């Protein structure tokens, strides 16, 4: 068999939202082409599965909203005057199902969740953010892309296998005044995929409120994201209270996001990890909280 990575019968069934037996019947009827491993197991090429899905309209949400997205997709792409990666195009077009398919297929092809976020999703979102900053995207176009990304990641989350829970709890949030909720949601998924229970307070969360939660319900880990900081002096004061509590309770703190990476702020916010990628977060979790032998 060719070296190209392929999908198992179970993975195809999950993507198409049918039983394993149905996938085997499609293969036997030559509706969905497959190959055999040296051990006799069926394997399906990703492009063949996507072709079959589109032609058969399987595993794809068919609603008025999807029809509307399809109708205006070319107009949206023409409006920005360029095309990018398949995921970039799907996000700009507002195509939730297409974006979700791309993420799920990439994950099923043995790309780790942190690598998927760093190398595929983050690069597309960075491009979108840069275009908005240059004025090449309107605020509404940026909002459509961001909400599409969030919806696609949520669909990816629902397709992940439920891990064995390790009994650890993490508290996560995005700082007050920052409405960028996607970064901390991605961090949540990485932790959940490793068996953590995650309490995500979401965007625009006052840090003093986080300090109170830590006191009342001590977690095993705290993760804070900041893309922008509107009131640095206030945040420094409020974060100091968080750091005092976490240090006393010996709770590690991870800080991530563009704002905390800024050299003007980084030294004012001591922590156990200044994460520059989602792979950094996974490595920190593995090193700090090793699984029992």
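The values are calculated or read from the model by the stated rules, or taken from the named source; none is laboratory data. As the structure is a computational prediction, the values presented were derived from the model and not from experiment. In this analysis, Cβ positions are derived from the backbone assuming ideal geometry, glycine residues included, and neighbour counts consider all displayed protein chains.
Results, tabulated for the structure shown:
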quantity	calculated
Filter result (crowded, with 20+ Cβ neighbours inside 10 Å and within 13 Å of residue 224 (Cβ to Cβ)) within the stretch 266-289	269, 271, 275, 281
Selection within the stretch 175-204 - touching a strand residue (DSSP E or B) at 6+ places or on another chain (Cβ under 6 Å), assigned to a loop (DSSP other than H, G, I, E, B) and under 20 Å from residue 285 (Cβ atoms)	196, 201
Of residues in the stretch 250-281 being at pLDDT 95 or above and assigned to a helix (DSSP H, G or I), the one farthest from residue 206 (Cα to Cα)	279
Test: residue in the stretch 210-217 that is in contact with a strand residue (DSSP E or B) (Cβ under 7 Å, 6 or more places away or on another chain), over 19 Å from residue 289 (Cβ atoms) and not in a helix (DSSP H, G or I)	no
Those residues of the stretch 231-284 which are touching a residue at least 60 places away in the same chain (Cβ under 8 Å) and at positive phi, in sequence order	257
Selection status of residue 134, surrounded by fewer than 16 Cβ atoms within 10 Å (Cβ to Cβ), over 23 Å from residue 10 (Cα atoms), over 16 Å from the mean Cα position of the chain (by Cα) and not assigned by TED's automatic domain parsing to the domain that holds residue 48	yes
Hits in the stretch 147-174 (condition: modelled with pLDDT under 95 and either in contact with a strand residue (DSSP E or B) (Cβ under 8 Å, 6 or more places away or on another chain) or not in a helix (DSSP H, G or I) (or both))	160, 161, 162, 163, 164, 165, 166, 167
Condition check for residue 210: surrounded by 22 or more Cβ atoms within 10 Å (Cβ to Cβ), more than 30 Å from residue 133 (Cβ to Cβ) and outside the structural domain of residue 98 (by TED's automatic domain parsing)	no
